[in-house]
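*Asks:* Before we start, here is the structure in question, set down as structure tokens.
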DNA sequence: GGCTTTTATAGTCACTGTGACTATTAATGA
DNA sequence: TCATTAATAGTCACAGTGACTATAAAAGCC
């Protein structure tokens, strides 16, 4: 922050938040998008988001906007994993005026959702990669978010954020395979997850079946650990 | 970005950049700080930074401000490793008005610097950790930056950014030890660095001595690689 | 009932990378 | 000349992982 400060000398900026909200449903990675109703980019898909209000931080604005767009209750939003990605500030990213946007990534379990009230009318979970033209620079924000989430799965226990409160190791493995787009060896994945203290905890009681074939799987819940040491690297390549 | 957009309805924000500029000199990690001349926090140390101008991005503002504060020439600034950290947007982080700040981390080789002209009069490279009270929330920004840089050394080839164009493996190891605050085993460090293709390249010619004792070290320059796979983990603990 | 199919779980084996060392080489200064 | 210092070379055991094979427990079909 410089000296030579004059409260009237700065140029006014609008500050917004943009959200990349990911879910894994039916084995495919989905993103929450809204359809724009106004120019510019009327009718285009865009990331949910909105203005930061005078008395809230960008983080608070992000959670508020997500609540408005999805209709999820406040408790569910509070529990979500929210992560600041980066800030996009190119002067012409919005043709109307100077808008600086703080981008966030959020991970949502694939629970049945209302997606009803308020601004949510035009919001939808869209399979990642099926929409190629997003409004503004949202395509770039979304691909940055996807890369970040993929990298973060490697060295954190974040994958459980995509899962319901109780899940099987097969479902957890499915999260990794879906986000990374690669197949993993099941016994090795299992060994790695169970060897990491605090990643998952087994739930007592009979292995509930949800009605599939094959041997019923044991159920687990997320453990207290956050970091994954050593990391669980994806098969091929570079994380970036 | 929402609909219901009215160019006059948003509240104006000031957008600034704050810079955490690190160097390694004489075996100690240093940070570039400036002494504030005005209230609030007159006489306090603060991170260098300033307003984002109407026609520049936050990245451009960060490089411009660093040039102004240090007197480094444009080419040197362009070559620097700059990294966006995160954005700080708490409503009361600046008591005067609503200021949203995009924080950057930069890595500077410990070259003899002018540090003379322009705003640079009150700028100094201060050993990291010796100043505990920084203006605004700059103390928090600085510790976030330090943590990020430390983590990034593990899985990237960033350490060479702290070094002059030619350096010895001992100097490179010193960067790691200084940033992490831990000692590393020299033969193992050497083996790891040389086993990573593209991390460093040996410079031909006689091993220049800069006048110390012991066997003269071979000289290296930074290679083309960016990522470190597998990572070079620090001895003890968690990266976060 | 016995079969096949499907999925979960258990276990093996070789190889890579690393931590913790020891040994050697090449310079300096007393 | 010799101790000192720092760079470089090499050794050894072990943890973690990739690529497997084998067994267990369910469902669906004849």
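*Asks:* Only one of these conditions is not met by residue B:59: (1) within 25 Å of residue B:132 (Cα to Cα); (2) modelled with pLDDT of 95 or more; (3) assigned to a helix (DSSP H, G or I). Which number is it?
*Replies:* (1)
*Asks:* Same structure again: Quick check, is residue A:129 more than 16 Å from DNA strand D (Cβ to nearest atom) and assigned to a loop (DSSP other than H, G, I, E, B)?
*Replies:* For residue A:129, the condition - more than 16 Å from DNA strand D (Cβ to nearest atom) and assigned to a loop (DSSP other than H, G, I, E, B) - is met.
*Asks:* Taking segment B:158-205 as the search range and keeping residues that are away from DNA strand D (no atom under 15 Å from the Cβ) and touching a strand residue (DSSP E or B) at 6+ places or on another chain (Cβ under 7 Å), which one is farthest from the other protein chains (Cβ to nearest Cβ)?
*Replies:* Top of the filtered list is B:165.
*Asks:* Then there is this: Only one residue in A:198, A:174 is at pLDDT 95 or above, more than 15 Å from DNA strand C (Cβ to nearest atom) and not assigned by TED's automatic domain parsing to the domain that holds residue A:31, so which one is that?
*Replies:* A:198
*Asks:* Whether any residue in segment A:93-108 is modelled with pLDDT under 90 and more than 9 Å from chain B (Cβ to nearest Cβ) is what I want to check.
*Replies:* no
Residues are listed down the side, and each one gets a yes or a no for (1) out of contact with any helix residue (DSSP H, G or I) (no Cβ under 9 Å at 6 or more places or on another chain); (2) within 11 Å of DNA strand C (Cβ to nearest atom); (3) in contact (Cβ under 8 Å) with a residue 40 or more places away in the chain:
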position	(1), (2), (3)
A:156	yes, no, yes
A:169	no, yes, yes
A:178	no, no, yes
A:187	yes, yes, no
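*Asks:* Taking segment A:132-146 as the search range and keeping residues that are part of a loop (DSSP other than H, G, I, E, B) and within 14 Å of chain B (Cβ to nearest Cβ), which one is nearest to residue A:192 (Cα to Cα)?
*Replies:* The residue in question is A:137.
*Asks:* While we're looking at this one, here's another question. For residue B:69, which of the numbered conditions (1) at pLDDT 95 or above; (2) in contact with a strand residue (DSSP E or B) (Cβ under 7 Å, 6 or more places away or on another chain); (3) assigned to a helix (DSSP H, G or I) fails to hold?
*Replies:* Result: residue B:69 passes all but (1).
*Asks:* Got a number for residues in segment B:147-203 being surrounded by 13 or more Cβ atoms within 10 Å (Cβ to Cβ) and assigned to a helix (DSSP H, G or I)?
*Replies:* 31
The values are calculated or read from the model by the stated rules, or taken from the named source; none is laboratory data. Computed from a predicted structure; not experimentally measured. Cβ: placed from backbone, ideal geometry, glycine included. Neighbour counts: every protein chain shown.
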